[in-house]
Amino acid sequence: MRPPRFWSDPQARVFPWLLSPISALVAACAVKRQKKAGWKAPVPVLCCGNLTTGGTGKTTVVLDLVARLKKRKIAVHALTRGYGGSIKAATQVDLARHSARDVGDEALLLAQQCPTWVGGDRAASARAAVAAGATCLIMDDGFQNPGLHKDISLLVVDGVVGLGNGHVLPAGPLREPPADALARASAVLLIGPDETDFLTQYAGVLQDVVRADLQTGLEAHGLKGERCIAFAGLGRPSKFFDGLRQAGVNPVQCLAFPDHYFYKDRDMTHLATLARQADAQLVTTPKDTVRFPLAFRKQLRTVGVGLVWQNDSAPEALLDQLLNQRPA
């Protein structure tokens, strides 16, 4: 499923107006839900969330912050719902046993870097993580989930798409009214150029704002001059394709799949055929790679993405604020 075009068009009027009664109900439910008090863990909790449906780069942000916490010798555990996976109860991800169909693709990426727990009940996951030795918890998504108290909430915004048309689901891509979310956030992280004038439009309700850019991984350097077919199943696949081009890799073809898409046998056959016919290397993202069987991964070159903070002291200050709230 791909989002309707009017979600990204601030000038759209007809569909948002027709869907406004449902949007008002969704917004009211979201506001009511936030009035519930969540369980307060005995360790600091940092939430990296977003306001829109689809990908904004949350997992990339979480991985960056996890690496920084590990450098500080903090026993950090990650919590995520496990979107796309079949496991719903609080479960620690086991890379030797679980697949993307069990726990989702993001959980597998996180588990490569730190102990990771999936489950819709964030409080239950948090309790399990603390019992397993976590001294700090970081949530990948869950900004709208009131079950677990957050000490710091970092709201991630994709600068290229901003908040879309500014309407709440289903009239737009927003999970809740923007003023409510922005007021509740400890800080906003804007990734990439501010192409929608987000900073100007919401200046009156923004708290602290930090900036960062995405940087294609060094793996791309080995692909310069090679014939490549790039494909990705992300919220915005164009980010991956543009990043490759900026790194000097010019794919002969780019294929976009839906976010969290589970590739079928016919997709693998199709991709392999395209690569053979074009005498090209298949290139994709880490998030896509983990959704393939191990045998097919041998045909892929994986190129990751990292976060480059415009002020490198900003994430460290955020972590200082998080860790100083509670005794170590």
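The values are calculated or read from the model by the stated rules, or taken from the named source; none is laboratory data. Since the structure is predicted, the reported quantities are computational estimates derived from the model, not experimental observations. Virtual Cβ from ideal backbone geometry, glycine too; neighbours counted across all protein chains shown. Only protein heavy atoms, including side chains, enter the accessible area calculation; ligands, DNA and RNA are left aside. Shrake-Rupley method; radii C 1.70, N 1.55, O 1.52, S 1.80 Å.
Miscellaneous remarks
- Taking 0.36 nm per residue of sequence separation and removing the Cα-Cα distance, the ARG101/LYS71 pair yields an extension gain of 7.7 nm.
- Whole-percent carbon and sulfur share, accessible surface of the chain, 1.4 Å: 54
- Shown for the chain are the DSSP H helices of 27 Å or more along their axis, judged by Cα atoms, with a mean Kyte-Doolittle hydropathy of at least -0.5: 14-33.
- DSSP-assigned coil residues among trypsin sites (Lys or Arg not before Pro) in the stretch 33-72, each with at most 11 further Cβ atoms within 10 Å: LYS35, LYS36
- Farthest towards the positive end of the charge dipole of the chain, among the residues GLN207, VAL156, ALA78, is the Cα of ALA78, using unit charges on the Cβ of Lys, Arg, Asp and Glu.
- Of the whole protein surface, HIS167 contributes about 70 Å² of accessible area at a 1.4 Å probe radius.
- Largest GNM mean-square fluctuation across GLN253, GLN34, GLN201, computed for the chain with C-alpha springs under 10 Å, falls on GLN201.
- TYR83 accessible area, assembled protein chains, probe 1.4 Å, Å²: 110
- Local electrostatic count at ALA78 - Lys and Arg +1, Asp and Glu -1, tallied over other residues with Cβ under 13 Å: 0
- Normalised per residue, the accessible area of the chain is 47 Å², obtained with a 1.4 Å probe and no contribution from ligands, DNA or RNA.
- Taking the Cα centre of the chain as origin and assigning +1 to Lys and Arg Cβ atoms and -1 to Asp and Glu Cβ atoms, the resulting dipole is close to 820 debye.
- Projected label distance in nm at LEU199 and LYS224, using a 7 Å step from Cα toward the beta-carbon: 3.1
- Label-to-label distance, nm, for residues given as SER20 and GLN277 (7 Å Cα→Cβ offset): 4.9
- With q set to 0.16, 0.28, 0.30 Å⁻¹, the log10 of I(q)/I(0) for the stretch 1-55, from the Debye formula over equal scatterers at the Cα positions, is -0.75, -1.24, -1.25.
- Loop-located trypsin sites (Lys or Arg not before Pro) across the stretch 146-251 with a Cβ neighbour count of 13 or fewer within 10 Å are LYS224, with loop assigned by DSSP.
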